[in-house]
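Inspection log for the structure reproduced underneath, given as structure tokens.
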Amino acid sequence: MTRRLTPPPRAFVIGWPIKHSRSPLIHNYWLKTLGLEGSYERIEVPPDDLATFLASMRDNGFVGGNVTLPHKESAFELCGRRTATAEELGAVNTLWLDGATLCGDNTDVGGFLASLDAEAPGWAQHCATAVVLGAGGAARAIVQAILQRSKSTIFLVNRTREKALDLARQFAAEIVVCDWTELSNLLEKADLLVNTTSLGMAGQPALSVDIAAVPARAIVCDIVYVPLETELLHAARHRGLKAVGGLGMLLHQAVPGFERWFGRRPQVTAELRALVEADVMAATAGKI
Ligand code: ATR
């Protein structure tokens, strides 16, 4: 009779609230299709409990997990080691243990790049000018991603100008802070337009952007994936522009964490995409 020496690895996604997270669907799909032992659980952790939760994760059999709102910055502070990308962003979304050391990475940058590479191959070679809407945590990751791959001038458009200025100051590259009123003039120069705001998300106000001036060569991205087809993406497709939704980023950002916790690099397959799309469509049916 063989005795199990180590229990199957457990991983988590923590947030507050957390019930809408689609990460369990993704990771449990990979565990099942790769035939691996282990689990991935959704756990609601209030901000005051974050430090205790992370300090006891090893005792509870966790090898790591994902971190979502509002814990990305606090978890960053609690890490004993972080990747260079996480250091640059000041936020983590992926945690793992190296011995007793809590380590953190931010895979949103790589997730956005992998998604664009898959859906708009060669995009960076033609990206001289990017227009980024928003200046929150997601915008920081997107700006970092664009600059990692291209020498684009980035026009950063945000409701709160001060937040955009703060973000721009953190990067050595050319980032021009603009107001929404300037958007129509900016769009005619855009090779890449990315919405990183929550506008257009189910339950949020609409994103009212007239993309008539966007050049035919431009790629239009929306990191919102609920609904799957935002008004921005719909308008872009209607004009025949390349349109990239937020679901690819969600799927690709999950890959490095899974590999660290469970030891196999998973694939973002058409089957996985269809599974998550069906879940988003079921959740949004009748609500939009
Ligand atoms: P995330 O981490 O997802 O980026 P966030 O840090 O809260 O979330 O950022 C949300 C972004 O959406 C911000 O750029 C925010 O603009 P402000 O910096 O002015 O708050 C933008 N946003 C949210 N609601 C908005 C609205 N009603 N109008 C314009 N911008 C909005």
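The values are calculated or read from the model by the stated rules, or taken from the named source; none is laboratory data. It should be emphasised that the depicted structure is a prediction, and the values quoted were computed from it without experimental measurement. No Cβ is skipped: glycine too gets one built from the backbone with ideal geometry, and neighbour counts run over all protein chains shown. Remember, those area values only see protein heavy atoms, side chains included, never the ligands or the DNA or RNA. Shrake-Rupley method; radii C 1.70, N 1.55, O 1.52, S 1.80 Å.
Got a sec? Which of Ala91, Ala141 is in a loop (DSSP other than H, G, I, E, B), buried (at least 20 other Cβ atoms within 10 Å of the Cβ) and of a type outside the set (Lys, Arg)?
Working: Ala141 fails: in a loop (DSSP other than H, G, I, E, B).
When all the criteria are applied, what remains is Ala91.
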Enumeration of residues in segment 145-163 that are without any contact (Cβ under 8 Å) to a residue 24 or more places away in the chain and more than 9 Å from the ligand (Cβ to nearest atom): Lys151
Considering segment 2-17, residues that are open to solvent by less than 50 Å² (accessible area, probe 1.4 Å) and among the β-branched types (Val, Ile, Thr), and then whichever is nearest to Asp279 (Cα to Cα), we arrive at Val13
Which residues, counting only those in segment 40-59, are open to solvent by 80 Å² or more (accessible area, probe 1.4 Å) and either of a type in the set (Ser, Thr, Tyr) or closer than 19 Å to Thr107 by Cα (or both)? Arg42, Thr52
Would you say Val194 is more than 30 Å from Gly61 (Cβ to Cβ), within 16 Å of the ligand (Cβ to nearest atom) and either open to solvent by 10 Å² or more (accessible area, probe 1.4 Å) or part of a loop (DSSP other than H, G, I, E, B) (or both)? no
Quick one: what pairs do we get from segment 180-209, first residue free of Cβ contacts under 8 Å to residues at least 24 places away in the same chain and within 15 Å of Asn158 (Cα to Cα), second within 12 Å of the ligand (Cβ to nearest atom) and basic (Lys, Arg), C-beta under 8 Å, 6+ apart or different chains? Trp180/Arg159
Restricting to segment 18-39, and then to whatever is free of Cβ contacts under 8 Å to residues at least 40 places away in the same chain and not polar (S, T, N, Q), can you tell me which residue is least open to solvent (accessible area, probe 1.4 Å)? Pro24
Unique residue being open to solvent by 20 Å² or more (accessible area, probe 1.4 Å) and either closer than 23 Å to Ala213 by Cα or in contact with a strand residue (DSSP E or B) (Cβ under 6 Å, 6 or more places away or on another chain) (or both) when the list is Gln125, Gln170: Gln125
Among the residues of segment 197-212, which ones are open to solvent by less than 40 Å² (accessible area, probe 1.4 Å) and within 9 Å of the ligand (Cβ to nearest atom)? Thr197, Leu207
